[in-house]
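**Student:** Mind having a look at this structure? Questions to follow.
The values are calculated or read from the model by the stated rules, or taken from the named source; none is laboratory data. Being a predicted model, the structure only gives us computed values, none of them experimental. Glycine gets a Cβ as well: all are built from the backbone with ideal geometry, and neighbour counts include every protein chain shown. To get the accessible areas, we keep the full protein, side chains included, count just its heavy atoms, and leave off ligands, DNA and RNA. Shrake-Rupley method; radii C 1.70, N 1.55, O 1.52, S 1.80 Å.
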Amino acid sequence: MDALAEKYAKIFKLEAKLGYTNRAVFGGMQKLAVNLLSDAREAALPEAQIIEVSAKLKDYEALNAEERRQSLIEVGKVLGISSIEKLPAVEPNQETRSPAEPKIDEQPQKTTRPQPSKRRSVGSNRSHAASTVGLDAPVSVIRGIGEKQAVNLERLGVRTIRDLLYLFPRRYEDYSQLKPINQLHYGEEVTIIAKVIDVQVLRQNRGRLMTEVIVSDTTGVLRLLWFNQTYVTRYLKPGVFISISGKVDNYRGRPVLYHPDYEPIDQQQLNTNRIVPIYPLTAQITQRWLRKTQFNVVHYWAERIPDYLPNSLQKQAEVIPLQEALVQIHFPDSQEKIKQAQYRLAFDELFLLQLGVIQQKRQWQGLEGTPYIVEDSWLAERIENLPYALTNAQRQALDEIRADLARAHPMNRLLQGDVGSGKTIVAVLGMSIVIAGGAQAALMAPTSILAEQHYQTVLKLTTQPGRYGAAFLRPEQVRLLTGDTSPSERREISEGLQDGSVKLLIGTHALIEEPVTFQNLQMVVVDEQHRFGVEQRAALRSKGNNPHLLVMTATPIPRSLQLTIFGDLDVSIMDEMPAGRLPVETRIAYPFERRNVYELIEEQVRQGHQAFIIYPLVEQGENEETKAAVEEQQTLQEEVFPHLKVGLVHGRMKPAEKDAVMLAFRNGEYDILVSTSVVEVGVDVPNATVMVIEGADRFGLAQLHQFRGRVGRGEAQSYCILIPEREDAAENERLAAMTRTNDGFELAEEDLRQRGPGDFLGTRQAGFPDLRMANLADVHLLQKARNLAEQVYAADPELKSAEFQSLKAAINQFWPELPGRGEVS
């Protein structure tokens, strides 16, 4: 230790002599941190102290001169350098801030600097952002994690010590609640310890492989079964003791576990007689190694992570301290402690989520917008000129949009309504109000074919004389801009937008390309909102001066998502269908009833209608048992419907090819369209009356409902046939729900409950934070988080008080990517 202290004392004194300018060693002090790891371990320095001092030096470049001096003193004390406190102070005229220092340190209040302590986390004598530098150190500073393991951990999303702390167990083995095999009951979730007796791979009919493992615990034997997962034989060998978790099922009158979780165990695990965490794994990472690593990390670092939640809010939220939650989520003392830890960590995510969403809404409401007001008589005339009467839901949504447009700050509204509920006509009336005030409007759709569909609808509604008056716009004032628009037409449109002669522009993402410049864009409508990234919407909005924003979706949004993902928007709900629409008749058909389904299609085509057939995959080979669009289209055309025209569209086709096929189908050139999920959004084919969904059990409720919405858009009775992959899958809960109701909002709530928000939306929200613990379907906890977030902003709108500084930093850390949301000023 003396040699170590002497070596580093010379370096630290040289650094002080150079004015703490990070020039004492080549590459800076951060480079020295790498050498310190091996030097300190050779000197038998305690591992926790090694990590701490190494992390301090890694952050050295970001510190100002005085903080660098304090950091060297703290490291010197750990290394046993006797004269370390005599390092000279910083000269008064010396630069006090490094260019790399985080600006988040700049707080309006002066803080008292606590005395250094070996138990305090790295930089804990600074503000919240700097105090967590140790937590944000790479995992490679931890003993036992080399560069290769650091790369392996990165596949689990782990780069820093903080990431490791927040890599939560996916489940637990409760060795205090083990059950013997002879006491198992059908339907219960169990964990047992047993010895592998026999392993076999059996080939069933249709070539399916079944792996059968027989295990015993001296009280009885149990069969474990896997289908098409022969790799388990590499790990499960006769004589191996394993822990097995799963649901007890029935196979030929005997208990069985299908596809259970399993883990090899040793005597030490059995002797713990406690709850053991089971973590997600990746290649080269074993459960035992990760559990041991987590034990060391959690017990050293959990108590050092700052709790951003003030005590008063902890009491109101009824949550345990963050430090306790992190210990108990990894190594719980009881099942009750697991629940308490999960509740605290879930609350944290929803609370920070709500703070960011509310901040976004407050920022939007603080902007200055242009109000647009029309007389009742003007609007009444526009409504009278429509080809059909508005529903009550349409009138209510229009009233809300009209009120928004009349305000002095920009509208920011979500218009959600089921497929066919008439959202487009409401949006057109809203845009008409802005256009009547002398401004321009734009409508952006996710695909070219949907943009063209909107264009045709808008032309009919705005450029043709109505029953009681002249047309509102001329055809040349409404233009369509997509990727297929020719250069000459694009120039013509651009000139019209700049001189104001083009009043309404409809298009795809081409609308946000740089050359598109508006004279006075004052309203933006975005269709299928969740399919556009936040950045795309912001780019379109930036083309106007704080334009009014209306986003539409045919995916009914559950209440919980209205509070979160769409929480910065006001919401209008259209839950009423236009008069004359017949509800789609939905049935489940077993695979052996497919011939009856084909006869239904034949009958409908004879009556002059068309049909969709949806498949889950594009081509065979992605999954041996799942039917695929390419092969099935060929079979249907050649063997089943040789006298009909069967088209094909799928996601691997170029956009222009897809659009050509969809337009041909809409124009009646195909009788049947075979497709993957690309038809989910927006295509309007009123003549289609049959929707057949193969492998229906592989789709979520929201998708199934969207598919069903492609038919039933005309006056004829329509049908939706759900065909699961296997006969036993016909009892699938989602499929049964589809036959019970056509209410998209009811199905959306059920879908969110079953699958969670990520799968529900079908695509990851751009910039939306990952939720590791919270469930957005937990409306009660969500509402509690919302109420407390609103309470915080009501008490301190700018979060300037001292007690909210850690909270302020936590918000910015939670919302790193979303423009305008994370910055709480």
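**Student:** Identify the residue in region 344-393 that is assigned to a helix (DSSP H, G or I), polar (S, T, N, Q) and open to solvent by 30 Å² or more (accessible area, probe 1.4 Å) and, among all such residues, is nearest to Ala325 (Cα to Cα).
**Tutor:** The selected residue is Gln360.
**Student:** Another question, if that's okay. Would a scan of region 549-562 turn up a residue that is open to solvent by 20 Å² or more (accessible area, probe 1.4 Å), touching a Leu at 6+ places or on another chain (Cβ under 6 Å) and either modelled with pLDDT under 75 or under 29 Å from Glu725 (Cα atoms) (or both)?
**Tutor:** So far as region 549-562 goes, no, none of its residues is open to solvent by 20 Å² or more (accessible area, probe 1.4 Å), touching a Leu at 6+ places or on another chain (Cβ under 6 Å) and either modelled with pLDDT under 75 or under 29 Å from Glu725 (Cα atoms) (or both).
**Student:** Please list, ordered by first then second residue, the pairs with beta carbon atoms under 7 Å, 6 or more apart or interchain, first in region 719-732 and modelled with pLDDT under 90, second in a strand (DSSP E or B) and of a type outside the set (Phe, Trp, Tyr).
**Tutor:** Ala730/Ile588
**Student:** Going by what's in this entry, would Val297 be described as crowded, with 18+ Cβ neighbours inside 10 Å and under 23 Å from Gln149 (Cα atoms)?
**Tutor:** Yes; evaluated as a whole, the condition is true for this residue.
**Student:** Being in a loop (DSSP other than H, G, I, E, B) and open to solvent by less than 40 Å² (accessible area, probe 1.4 Å) is the filter; apply it to region 194-223 and report the residue that is nearest to Ile244 (Cα to Cα).
**Tutor:** Checking each candidate, the answer is Asp217.
**Student:** Something else: Only one residue in Gly682, Gly695 is modelled with pLDDT under 85, surrounded by 16 or more Cβ atoms within 10 Å (Cβ to Cβ), more than 20 Å from the chain's Cα centre (by Cα) and under 30 Å from Gln604 (Cα atoms). Which one?
**Tutor:** So the residue among Gly682, Gly695 that is modelled with pLDDT under 85, surrounded by 16 or more Cβ atoms within 10 Å (Cβ to Cβ), more than 20 Å from the chain's Cα centre (by Cα) and under 30 Å from Gln604 (Cα atoms) is Gly682.
**Student:** Note down all Cβ pairs under 8 Å where the first residue falls in region 367-393 and is within 20 Å of Pro465 (Cβ to Cβ), the second is among the aromatic types (Phe, Trp, Tyr), and they're at least six residues apart or on different chains.
**Tutor:** Glu381/Tyr468; Arg382/Phe472; Glu384/Tyr468; Asn385/Tyr468; Asn385/Phe472
**Student:** Another one. Which residues, taken from region 698-708, are open to solvent by less than 10 Å² (accessible area, probe 1.4 Å) and in contact (Cβ under 8 Å) with a residue 60 or more places away in the chain?
**Tutor:** Gly700, Gln706, Phe707, Arg708
**Student:** Right, here's the next one. When you go through (1) open to solvent by 30 Å² or more (accessible area, probe 1.4 Å); (2) closer than 25 Å to Val158 by Cβ one by one for Lys237, which number turns out not to apply?
**Tutor:** Failing condition for Lys237: (2).
**Student:** Another question, then. Out of region 274-289, which residues are open to solvent by 30 Å² or more (accessible area, probe 1.4 Å) and of a type in the set (Phe, Trp, Tyr)?
**Tutor:** Across region 274-289, the qualifying residue is only Trp289.
**Student:** So, one more: Of the residues Ala777, Ala785, Ala736, Ala794, which single one is open to solvent by less than 10 Å² (accessible area, probe 1.4 Å) and either more than 19 Å from Thr555 (Cα to Cα) or modelled with pLDDT under 80 (or both)?
**Tutor:** Answer to the selection: Ala785.
**Student:** Only one residue in Leu36, Leu72, Leu45 is modelled with pLDDT under 75, in a helix (DSSP H, G or I) and buried (at least 18 other Cβ atoms within 10 Å of the Cβ), so which one is that?
**Tutor:** Leu36
**Student:** Another question, if that's okay. Tell me, yes or no, whether region 640-651 has at least one residue that is at pLDDT 85 or above and at positive phi.
**Tutor:** Checked against the condition, which is being at pLDDT 85 or above and at positive phi, region 640-651 yields no hits at all.
**Student:** Can I ask one more? Which residues, counting only those in region 271-297, are within 27 Å of the chain's Cα centre (by Cα) and under 23 Å from Glu336 (Cα atoms)?
**Tutor:** Within region 271-297, Pro277, Ile278, Tyr279, Pro280, Gln294 qualify.
**Student:** Let me ask something else. Just to be sure I understand the filter: pairs with C-beta atoms under 9 Å, separated by 6 or more residues or on different chains, first member in region 626-645 and within 16 Å of Asp671 (Cβ to Cβ), second member of a type in the set (Ser, Thr, Tyr) and open to solvent by 50 Å² or more (accessible area, probe 1.4 Å). Which pairs pass?
**Tutor:** Once the first residue is within 16 Å of Asp671 (Cβ to Cβ) and sits in region 626-645, its partners that are of a type in the set (Ser, Thr, Tyr) and open to solvent by 50 Å² or more (accessible area, probe 1.4 Å) give Leu644/Tyr670; Lys645/Tyr670.
**Student:** Restricting to region 156-177, count the residues that are at pLDDT 85 or above and touching a strand residue (DSSP E or B) at 6+ places or on another chain (Cβ under 9 Å).
**Tutor:** 8
**Student:** Provide a single number: the residues in region 495-517 that are surrounded by fewer than 22 Cβ atoms within 10 Å (Cβ to Cβ), modelled with pLDDT of 90 or more and either touching a Pro at 6+ places or on another chain (Cβ under 9 Å) or not in a loop (DSSP other than H, G, I, E, B) (or both).
**Tutor:** 4
**Student:** Anything in region 448-467 that is crowded, with 17+ Cβ neighbours inside 10 Å, under 15 Å from Leu504 (Cα atoms) and in contact with a strand residue (DSSP E or B) (Cβ under 9 Å, 6 or more places away or on another chain)? List them, or say none.
**Tutor:** Once the filter is applied, which keeps residues that are crowded, with 17+ Cβ neighbours inside 10 Å, under 15 Å from Leu504 (Cα atoms) and in contact with a strand residue (DSSP E or B) (Cβ under 9 Å, 6 or more places away or on another chain), region 448-467 yields Ala451, Glu452, His454, Tyr455, Val458, Leu459, Thr462.
**Student:** Residues that are within 27 Å of the chain's Cα centre (by Cα): which strands (runs of 3 or more DSSP E) entirely in region 407-493 hold 3 or more of them?
**Tutor:** The strands (runs of 3 or more DSSP E) meeting that bar are 412-417.
**Student:** Taking region 156-193 as the region of interest, how many residues are surrounded by 12 or more Cβ atoms within 10 Å (Cβ to Cβ), in a loop (DSSP other than H, G, I, E, B) and within 31 Å of the chain's Cα centre (by Cα)?
**Tutor:** The qualifying residues number 8.
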